[in-house]
Amino acid sequence: MGRYDKSAAFHEDACHYLPGGVSSNFRYQTTPLCFERGEGCYLWDLDGNRYIDYVLGNGPAILGHTPTSVLEAVRSTLGKGQAFTAVHPSELALAKRLTEIIPCAEQVRFDVSGTQGDQIAMRLARAHTGRDKVVKFEGQYHGWADNILMSVHPALNEAGPHEKPMTLAESRGQAEGVLNNVITQPFNDIDVLTKTLDRHREQVAAILMEPIACNTGVIEPKAGYLEAVRALCDRHGIVLIFDEVITGFRASLGGAQALYGVTPDIAVFAKAVAAGFPMCIVAGSRQIMQGMLEGVVHGGTYNGLTSSIAACAATVKELAHDNAAVYARMIAQGQRLVRELNELGKKHALPLHAQGIGSIFCSVFTDSPPLRDYRDYKASDGAMRLRFVEELQHRGVRTTERGTWFLSSVLSDDDVTATLEAADEALRAMKT
Ligand code: PMP
């Protein structure tokens, strides 16, 4: 019996009925696993293997896989109806609470996914400015819609010069014309951005950015960078959109904007905000959000479902409890993992490098740390990264193949210790 036999057989069967055996292209795995159950910070696969889970559904399960308070809150809505196509009392209560939590939120709208939240954010910005182009950053992901799925993982030999990155489609079947409306920039380089905006300022509606680049490495903004981007937007009348689909409720309750003290015009929070239920919060200044009363269309049958609203409200309550003390613990655990993974790399003479903000971090293999932008990430050793993920998986630790680790509030210090022991053994195995 192999360790993954049941998952392998199941995957083969699944491939007959689901393309690739999965429901999203981002779920292709080197060893396709099928999971049967999650509880707390653990997952169990079909073969009965247990994993300490640092994927957490790609971020949402910030309270672990079975968060009692959230599940109870959702259960309490089920007997009262799910979709009213009208505002309901808990929806308004949550909206009010979010305006206290998210710095840029004078008003909010609820949606169901990060992809859709980014769509309405860009539409609002275009309507507000009367301009068409959106600036995005190489390596950043803003959902899979045609008009923004560009230059997320470009090959370095096709990506163009650092000062003038190409804007490249990520998917076959994407309409070609949409490429003209996006300008791709290197993250963390304010001089290049300043010059680009000098050339295009009359055309740029929005700068759309992950304030911490979390999709290719976990790369913090350099000191002063977000402030400088904010100042450029103010100077040129550009709408600043923070895509906080990952960092919302994770970098801090108020997102990266609260962590760094830089307030965008619009922000999109998703993933962690409802601890695993489909939910997206679009937050912004009253002036821009009012566009939705002046011809900007935002729809969605499932926006503001009673269950998702209840899940989000319970998540807020849980994370805000005791002055949001949970963040200090998650950050300390994440920082310990980062520090000790870096030490383990040295111990085994492997170029393992971990970096991030604690509640989310990445591990890559590079001879020239730290990662400062997408190209540093792309130049790191992808084969070693995947091997490390595999070796960790064999030892009951699950991380994303792109090298990102998400932490949950229910991870214990013993789990962290067990993770580091697994990493020690995984690195030893990589040497042989
Ligand atoms: N923006 C960012 C920064 C993301 O990481 C993601 C999802 N990985 C999205 C947008 C899209 O969100 P969703 O998958 O909910 O559509």
Using a Cα distance threshold of under 24 Å, what count of lysine pairs results for the range 68-318 when pairs must be 8 or more residues apart or interchain? 14
Please say if the range 68-318 is rounded, prolate or oblate, where rounded means a/c under 1.5 for a ≥ b ≥ c the square roots of the C-alpha gyration tensor eigenvalues, and otherwise the choice is prolate for a/b larger than b/c and oblate otherwise? prolate
What share of the DSSP beta bridges in the chain is antiparallel, in percent to the nearest 5? 60
Between the range 10-38 and the range 169-197, what is the separation of their alpha carbon centroids in Å? 32
Which loop GluC sites (Glu not before Pro) in the range 201-310, with loop taken from DSSP, have no more than 13 other Cβ atoms within 10 angstrom of their Cβ? 202, 294
Tell me the trypsin sites (Lys or Arg not before Pro) within the range 1-89 that lie in a loop according to DSSP and have at most 16 other beta-carbon atoms within 10 Å. 3, 80
Overall form of the chain per C-alpha gyration tensor (a/c, 1.5; a/b vs b/c): oblate
Loop-resident sites, the range 340-377, for trypsin sites (Lys or Arg not before Pro), counting at most 10 other Cβ within 10 Å (DSSP): none
Which whole-Hz couplings ³J(HN,Hα) result when phi for each residue of the range 132-144 is put into the Karplus expression 6.51 cos²θ - 1.76 cosθ + 1.60, θ = phi - 60°, listed in order with x for Gly and Pro? 10, 7, 10, 8, 10, 10, 4, x, 9, 10, 10, x, 9
Is it possible to state the helix-based mean residue ellipticity at 222 nm for the chain, with each DSSP H run of 4+ residues giving -39500 (n - 2.57), the sum divided by total residues, to the nearest 500 deg cm²/dmol? What is it? -12500 deg cm²/dmol
Under-5 Å amide H pairs with residue 365, H placed in peptide plane, nonlocal only: 353, 381, 385
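Here, each number is a calculation from the coordinates, and none is a lab measurement. Worth saying up front: this structure is predicted, and the values here are computed from it rather than measured. Here Cβ is always computed from backbone atoms with ideal geometry, including for glycine, and neighbour counts include all displayed protein chains.
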